[in-house]
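Trainee: Input: one structure, supplied below.
The values are calculated or read from the model by the stated rules, or taken from the named source; none is laboratory data. Because the structure is predicted, anything quoted here is derived from the model rather than measured. Positions of Cβ are generated from backbone atoms using ideal geometry, with glycine treated the same way; all protein chains shown enter the neighbour counts. Protein only, heavy atoms only, side chains kept; ligands, DNA and RNA dropped before computing areas. Shrake-Rupley method; radii C 1.70, N 1.55, O 1.52, S 1.80 Å.
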Amino acid sequence: MIISSLLTIGQITFILRVAIQILAFVGPILISVIILASVSRVASIDTHGIINRIVSASSATKSTAYWVLGRLRHRHADPTPSSKFFLLLLLSLLFTAFVSLSDIGFLGFYACSIPVSDITDAPASISNTDAARSLILSNMVNGTNPDDVKVARCDSTTVLNMGSDIFLSSCTSWQNSTYGDVGLFKDLNTTDSDAMMPRRLTHLKQAEDKIDFSAFYVGPNTQRAVEPFIAKGLAVLPHDGGVRMIMGVPQLAHQKKVELSKAMAVEVEVGCMSIGVRDIELVENSQGSMWFMTNGTWWNYTGPAYLEEPLRKTVDDIRAYYQPFFNTSTLGPDGSMTSFNASSLDLTTTANVMTYTLPVLPSGLSTVPLNELMGSCTQRIEKALGITSDNRTEAAGDMCGLLGVGGSLNVNTLATKVFERMVCATTTQVNMVDATVGVDSDSQVSANITRLPSDLYYVHADYWTESFNDFLNASAVNIFTPYRRYTLNGNPGAPDTHFIHQPKTILNQYSVGIGSGGGTISSVGSIILGNQFFEENQYNALALLDDGLDSPVFEPSTAVRWIGEVGASFFLASLGYNGWAALQSAPVEVQSTGGRLGSCYKPHYALGFVPFVLAVFLLLGWMTAGMIGRSWFGTEVLDTGYGGVTPFAAVAAPGADPKKTLLAWEAQPEPRLQTIEKGYALTGNANETVVKYLKSAPSYM
């Protein structure tokens with residue numbers, strides 16, 4: 001909790017301690033006044049004595065404690081005991097303790113850095129036309145002219161029957177322009193996927209089809225992105241459960257943060273489950289074998305709860321397919337058995353995550369049912385999450401894949417190469433969020449989000465040409481990468497999570513069509529499963545884990561983290577913010593998290609102040625009530641009567657002048673004060689101290 005950005009802890013502590021000391025001084029005075037106003041007319045000697053001590057501030061604490069204890073034990077003979085008087089004496093006893101207890105409250109102060117509003121900024125920190133154009137160019141292939149690259153927008157579609165069971169989703173009205181047109185992007189904000197654009201974008205014109213195309217890349221970079229980053233208006237955060245992307249983020253410097261309201265976030269969650277099949281090969285051997293675990297200790301899962309049951313059923317199907325490949329006569333006491341044939345994988349000692357395929361059954365039996373198994377897995381997940389799509393125009397969903405973790409391991413004192421087989425699944429959500437994105441002093445990016453209830457609107461428009469096929473002597477429909485758009489609109493009665501359809505996406509060097517930010521988003525879940533990576537040499541580095549030649553963790557958590565890091569690489573390589581949309585966005589406030597040094601407080605230490613504050617308020621309230629009721633007026637007379645030795649002097653020498661009457665200590669018959677009148681014979685030395693006189697007197701011994 002921030003206390004002040006202007007005062008230091010020392011200054012705050014000094015002010016508070018002065019205030020407490022003033023109240024500690026004034027408090028007993030107020031208590032004495034209220035006590036005098038509450039004295040009974042007739043009281044015992046010890047009651048008058050304690051009043052004398054309170055007024056004269058002489059040994060009040062100890063005497064009051066004895067008096068309170070005696071009152072609780074009913075040892076006072078006051079004929080009219082006052083409860084108010086008792087409570088006030090108890091308060092006077094505790095007031096000093098409350099003052100001391102308040103020191104605990106000071107332990108809560110500590111020095112801290114207070115966020116300071118520094119500047120206003122925009123997505124990707126775009127502040128002028130030149131910067132906006134530079135951002136667009138950075139998303140394009142070097143040398144591309146934005147005025148040549150076509151861009152289109154669609155708000156609604158209708159389904160066309162092209163014949164031969166071909167159905168296309170046709171845009172009812174395209175808005176066509178180029179990336180050099182500022183006006184096309186003026187109404188876009190951070191809740192619209194069209195505020196983003198594909199990367200490695202270029203112009204591709206095919207004269208024979210008499211149509212202009214865009215070519216763009218949809219896929220990961222050549223390496224995983226293992227740390228969160230901010231690039232091209234996007235904050236991308238890989239984590240242990242997948243990856244998250246937040247759009248519309250300024251480029252933040254060290255110790256800066258920004259709070260975004262109603263921004264689009266793409267959240268990819270990953271689940272992986274071991275299947276109980278492991279490939280093992282001795283380092284010195286050239287071939288290994290598969291091991292099938294049967295005792296249940298092999299099972300392991302990492303991921304969200306909603307993916308566990310669909311993956312468990314998929315694992316059961318995969319294990320049922322695998323069983324014929326293993327020799328049951330090799331079943332050992334550890335519950336494992338080995339395969340008839342050698343492992344088909346090229347095992348390595350380098351820590352890696354790789355895809356694999358199912359083995360081929362003996363000739364004459366059914367073919368490998370990989371597509372069917374993964375398709376069933378996807379359908380289970382879609383059903384569980386309520387994901388629907390128009391199967392006439394949409395590609396089949398792709399949410400499951402076979403991956404595993406490989407590397408070196410010591411097995412029974414032998415150096416081996418191991419590959420743990422798993423099945424994994426991804427889901428993609430497009431959600432509206434309030435987000436706080438920050439960069440700390442070590443350049444680490446972090447983000448906290450709060451999902452907001454919203455409606456998700458989805459537009460899918462196919463992009464195609466028609467041509468005449470001379471060989472078939474018929475018209476042909478050439479379908480290109482479709483256009484997709486996601487927009488969010490706040491609605492308090494709507495859900496705060498939106499799972500989207502993940503169409504199976506082919507990984508190419510370039511995709512062709514009208515590129516869109518929504519099209520790239522829809523592809524991330526399918527592509528990062530890695531089913532197509534290792535067919536191309538350019539993606540070989542993706543497989544390598546940071547463990548190198550050390551043993552990795554052969555568990556699903558490793559694969560889940562790896563898929564999330566590939567997803568972060570995907571966003572870096574395939575998606576960027578549109579410069580024109582950023583230029584026309586509402587400004588956001590960037591704050592400094594390490595700027596002005598201030599004073600902060602840990603609220604639970606404030607309990608140390610509570611008793612003292614309550615006592616002060618009780619006193620002030622009591623005084624106010626007394627003033628209103630005029631019950632404490634006239635206490636000056638009692639103050640004079642009780643103060644010092646006034647009661648004794650009035651009894652011993654009625655009418656004596658206090659300024660001229662002398663009192664002396666006498667030891668006989670007991671130590672007492674004696675009024676000294678003219679002619680009185682004073683015993684002992686009149687010039688010595690009372691203590692010395694009393695110690696020398698025989699009665700003192």
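Trainee: Using a 1.4 Å probe on the protein chains only, how many percent of the accessible area of segment 437-491 belongs to carbon and sulfur?
Mentor: 46 percent
Trainee: For segment 279-402, what is the largest minus smallest coordinate of the Cα atoms on each principal axis, given in angstrom and ordered from greatest to least?
Mentor: 52, 35, 31
Trainee: Here is the link list: 417/504; 262/504; 150/504; 232/602. Which ones come out longer than 27 Å on Cα distance?
Mentor: Beyond 27 Å: 417/504; 262/504; 232/602.
Trainee: Label segment 402-552 by shape, choosing from rounded, prolate and oblate, from the square roots a ≥ b ≥ c of the eigenvalues of the Cα gyration tensor; if a/c is under 1.5 it is rounded, and otherwise prolate applies when a/b is larger than b/c, oblate when it is not.
Mentor: Since a/c reaches 1.5 but b/c is at least a/b, the shape of segment 402-552 is classed as oblate.
Trainee: Using all Cα-Cα distances in segment 474-580, what percent lands in each 10 angstrom bin from 0 up to the longest?
Mentor: 11, 35, 30, 17, 6, 1
Trainee: Another one. Using the per-residue mean of other Cβ atoms lying within 10 Å as a proxy for protection, in what order, highest first, do the peptides 216-224, 423-431, 485-493 fall?
Mentor: 423-431, 216-224, 485-493
Trainee: Another question, then. Can you work out the FRET efficiency for the pair residue 384 and residue 442, with r the C-beta to C-beta distance and R0 = 41 Å, to the nearest 0.05?
Mentor: That pair, residue 384 with residue 442, gives E of 0.55.
Trainee: What is the pair-distance distribution P(r) of segment 128-229, computed from all Cα-Cα distances in 5 Å bins starting at 0, with each bin given as a whole percent?
Mentor: Calculated over all Cα pairs of segment 128-229, the distribution is 2, 10, 15, 19, 19, 15, 10, 6, 2, 1, 0 percent.
Trainee: Which of the peptides 195-202, 103-110 is most tightly packed, and how do the rest follow, judged by the mean count of other Cβ atoms within 10 Å per residue?
Mentor: Result, highest mean Cβ count within 10 Å first: 195-202, 103-110.
Trainee: Next question, about the same structure. Which order, highest average first, do 170-177, 298-305, 265-272 follow once you tally other Cβ atoms within 10 Å for each residue and take the mean per peptide?
Mentor: 265-272, 298-305, 170-177
Trainee: Is segment 353-432 best put as rounded, prolate or oblate by its Cα gyration tensor, with a ≥ b ≥ c the root eigenvalues, rounded for a/c under 1.5, and otherwise prolate when a/b is larger than b/c, oblate when not?
Mentor: Verdict is oblate for segment 353-432.
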